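Asks: Mind looking over this structure? Questions follow.
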């Protein structure tokens with residue numbers, strides 16, 4: 001029986017999967033009522049999560065099964081020669097339907113879910129009729145006449161797909177000069193395409209030196225050394241808002257890390273919603289550098305640079321030619337790092353500190369495949385990372401296991417079939433044992449340090465609240481026509497192509513094991529990280545997680561360029577042209593951001609006649625106060641609460657944490673970050689009650705204006721529900737503690753410093 005070509009099968013499978021998503025995606029949104037979060041906009045996270053799961057768990061396997069059978073059946077019949085043209089027709093028609101809906105929105109017409117559903121239903125009706133007729137045992141002359149127009153049909157389909165991509169782009173951000181420069185570079189690259197299919201050899205010492213230079217440039221180009229600009233805040237509302245955003249996000253990590261630095265163990269008195277291992281990593285870093293916002297931003301920038309460098313190593317070990325790898329990572333820095341809304345390091349939760357471990361696993365497994373002599377050591381390294389991920393965070397463990405599983409399964413599928421299940425079972429057992437061993441070591445270390453075993457419910461209570469509690473609804477809805485839809489479609493295509501390639505098991509599979517392992521792991525990595533965007537769907541989040549997508553694209557392009565025997569010249573040229581077109585668009589969108597962001601990078605600071613790296617690092621190690629009120633509060637604490645390793649501050653959480661960090665103290669109530677602890681207020685109340693009841697007369701408290709104002713509210717209404725939503729800028733647990741303190745003690749003023757007041761606790765008569 002004749003089999004459809006690889007490219008045609010993958011194109012048909014991807015078209016069916018995307019069309020299926022267009023048909024099914026609106027249904028959860030239309031069926032599930034959004035959650036009313038007044039005064040915030042209503043959200044429908046449940047529908048978004050369900051649509052994401054449908055795409056990759058249901059639609060992709062169904063499209064693979066159906067698309068393969070349909071393609072092979074048509075190829076074996078009298079209409080077989082027309083299959084490529086028919087596939088191009090279907091893909092182009094789908095793109096045209098989506099583009100029509102998008103243009104309707106631009107004209108003020110409805111482009112909502114119901115319109116998408118209608119367009120998808122019409123496409124499916126027409127596609128089903130065409131495919132059914134093409135599978136008939138009787139030749140269809142009108143279809144066969146399309147054979148000679150197959151190339152034209154594919155070019156038209158490609159142009160329509162690029163039009164859809166433009167419809168997902170904010171065209172106001174496109175720089176004409178950047179587009180022109182990118183187009184010229186793309187034209188030169190396409191003209192020199194014959195040189196892009198080189199081998200995978202490093203090229204001796206010269207090649208190794210070029211790779212080392214590329215890595216060094218990456219490590220300098222990515223980190224931002226000017227993360228905060230608090231000096232501009234009093235005169236610039238945007239700078240003030242950004243500073244508040246940065247400080248809030250940093251405090252969620254700095255609060256728990258400060259607790260650890262002052263002797264408390266995670267899950268034995270301290271906890272963080274972001275996990276365990278990453279907080280210990282921060283605590284270790286703050287043993288080398290002073291704890292603060294600048295040093296946390298610096299660490300985030302360095303880790304992001306290492307993440308990009310690891311991505312470069314993965315694509316190079318996967319066989320990608322050096323010029324292509326360098327060009328791709330340079331584009332990644334420009335389009336992702338330099339085009340971020342906030343500087344690299346400003347939002348540490350959106351970087352490798354959160355989802356970096358899978359990259360380390362992927363690098364180890366690809367290196368072991370590329371360098372068989374070191375396969376055992378590479379496998380051991382991957383298992384160590386899996387074990388660490390099990391105490392890093394649940395999210396980090398899930399991402400790591402997904403990448404580990406995908407890369408391992410791909411590697412084993414390349415081996416002879418007998419014993420496949422047994423080998424996969426051994427790998428699964430090894431990963432489980434690595435997790436068990438790491439947890440045992442962590443438990444013993446915690447017991448040795450504080451005399452008790454870890455209480456994992458201190459972390460699980462955060463997960464429960466975010467996964468199935470009310471906090472899970474506090475997200476952002478996905479924007480209409482977000483570029484994430486194109487990224488998701490690319491992952492669907494990559495997964496389909498990889499599955500089809502492994503099913504056929506041709507010479508290319510046997511020649512390129514490292515490339516296939518890298519593709520499997522990178523595709524799984526990208527799909528997993530896309531879930532983070534689905535949950536936190538602000539547009540800039542996509543740039544934080546887009547690196548695996550670029551790795552997937554460059555790995556496939558490199559593989560096609562090397563597959564001269566298997567891939568027709570037209571396919572290779574079309575793939576290169578498509579990738580170059582997308583690269584030009586990315587460059588055009590990011591061009592206007594390059595100047596400002598590059599000027600703040602470590603690479604720019606290394607150039608002569610600029611602010612030196614040393615000056616920039618000194619500023620990060622000892623940054624100015626982020627809030628102009630901090631100096632007065634710091635003086636009040638040092639002067640009127642001297643010698644305290646633990647101090648009691650009833651101020652807004654951001655102010656309180658910065659004052660504690662700058663005076664080398666920890667919160668007396670051990671709230672870490674009061675906002676973070678208040679996310680699980682009911683769980684924290686018993687411990688907080690014990691801390692408040694342990695206070696004794698003579699203890700001093702620093703109150704800011706918001707603390708004093710809320711104290712007046714408590715005295716005006718003694719039965720006030722402190723845990724209920726309130727306009728007060730104190731966190732709920734702070735309000736609860738202040739109410740209990742005021743009932744037990746009389747608060748005697750001791751001193752004033754600007755907006756701050758120091759009071760002493762006196763026994764009530």
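Asks: Could you order the peptides 380-387, 439-446 from most to least packed, using the average number of other C-beta atoms within 10 Å per residue?
Replies: Order by mean packing, descending: 380-387, 439-446.
Asks: Order 714-727, 249-262 from most to least packed using the mean count of other Cβ atoms within 10 Å. All intermediate terms of the calculation are to be shown ahead of the outcome.
Replies: On the way: 714-727: 11.3, 249-262: 23.4.
The most tightly packed comes first, giving 249-262, 714-727.
Asks: In a solvent-free Debye calculation with one equal scatterer on each Cα, what is log10 I(q)/I(0) for segment 200-252 at q = 0.23, 0.25, 0.32 Å⁻¹, listed in the order of the q values?
Replies: For segment 200-252 at q = 0.23, 0.25, 0.32 Å⁻¹, log10 I(q)/I(0) is -0.87, -0.94, -1.09.
Asks: Sticking with this structure for a sec: In degrees, nearest 10, range 0 to 90: what is the angle between the Cα axis of helix 113-134 and the longest Cα principal axis of the chain?
Replies: It works out to around 30 degrees.
Asks: Please report, to two decimal places, log10 I(q)/I(0) for segment 261-341 at q = 0.10, 0.13, 0.27 Å⁻¹ as given by the Debye formula with identical point scatterers on the Cα atoms and no solvent.
Replies: Here the Debye-derived log intensity ratios amount to -0.39, -0.60, -1.24.
Asks: Using only Cα atoms, tell me the angle between helix 653-662 and the longest principal axis of the chain; keep it within 0 to 90° and round to the nearest 10.
Replies: 80 degrees
Asks: Using only Cα atoms, tell me the angle between helix 630-640 and the longest principal axis of the chain; keep it within 0 to 90° and round to the nearest 10.
Replies: Long axis of 630-640 versus the principal axis of the chain: about 40 degrees.
Asks: Translational diffusion coefficient of segment 6-167 at 20 °C, 1.002 mPa s, Stokes-Einstein with Kirkwood Rh over Cα pairs, in µm²/s as a whole number.
Replies: Estimated via Stokes-Einstein, D reaches 126 µm²/s.
Asks: Still on this structure: If I compute Rg and Dmax of the Cα atoms in Å from the structure I just sent, which labelled value in [x] 28.8, 102; [y] 32.8, 117; [z] 43.9, 152 lines up?
Replies: Read-out taken from this structure: [x].
Asks: At a 10 angstrom cut-off on C-beta neighbours, averaged per residue, how do the peptides 160-171, 483-494 rank from highest to lowest?
Replies: Packing order, densest peptide first, comes out as 483-494, 160-171.
Asks: Based on a Kirkwood Rh over C-alpha pairs, give the Stokes-Einstein translational diffusion coefficient of segment 630-763 at 4 °C and viscosity 1.567 mPa s in µm²/s.
Replies: 88 µm²/s
Asks: Can you pull the percent of Cα pairs in segment 176-605 with separation above 31 Å?
Replies: 42 percent
Asks: Limiting things to C-alpha atoms, what are the Rg and the maximum Cα-Cα separation (Dmax) for segment 329-440, in angstroms?
Replies: 16.2, 52
Asks: Counting residues in segment 119-210 as N, plug N into 2.2 N^0.38 Å and put the Cα Rg over that result.
Replies: Compactness ratio reported: 1.78.
Asks: Still on this structure: If you restrict to DSSP beta bridges whose two residues both lie in the chain, what percentage is antiparallel, to the nearest 5?
Replies: 65 percent
Asks: OK, next. Between segment 291-306 and segment 233-256, what's the alpha-carbon centroid distance in Å?
Replies: 15 Å
Asks: Determine how many Å³ per residue the convex hull of the Cα atoms of segment 645-711 encloses.
Replies: Considering the Cα atoms of segment 645-711, their hull volume per residue is 95 Å³.
Asks: If you don't mind, another one. Helix-only mean residue ellipticity at 222 nm, the chain, DSSP H runs n ≥ 4 weighted -39,500 (n - 2.57), per residue, nearest 500. What is it?
Replies: -21500 deg cm²/dmol
Asks: Using all alpha carbons of segment 378-524, what is the percent of pairwise distances in each 5 Å bin, ordered from the shortest bin to the longest?
Replies: Going out from 0 Å in 5 Å bins, segment 378-524 shows 2, 8, 12, 15, 15, 14, 13, 10, 7, 4, 1, 0 percent.
Asks: Further question on the same structure: Which whole-percent values make up P(r) of segment 157-287 when all C-alpha to C-alpha distances are grouped in 5 Å steps starting at zero?
Replies: Taking all Cα pairs of segment 157-287, the binned fractions are 2, 7, 8, 8, 10, 12, 12, 11, 12, 10, 5, 2, 0 percent.
Asks: Right, here's the next one. What does segment 533-659 give for Rg and for Dmax, in Å, if only its C-alpha atoms count?
Replies: Gyration radius and largest Cα-Cα distance of segment 533-659: 25.1, 79 Å.
Asks: Taking Rh as the Kirkwood radius computed over C-alpha pairs, what is the Stokes-Einstein D of segment 1-84 at 37 °C in a medium of viscosity 0.692 mPa s, expressed in µm² per second?
Replies: For these conditions, the coefficient is 224 µm²/s.
Here, each number is a calculation from the coordinates, and none is a lab measurement. Remember, predicted model here, so these are calculated numbers, not experimental data. Cβ coordinates were reconstructed from backbone atoms using ideal geometry, including for glycine residues, and neighbour counts include every protein chain displayed.
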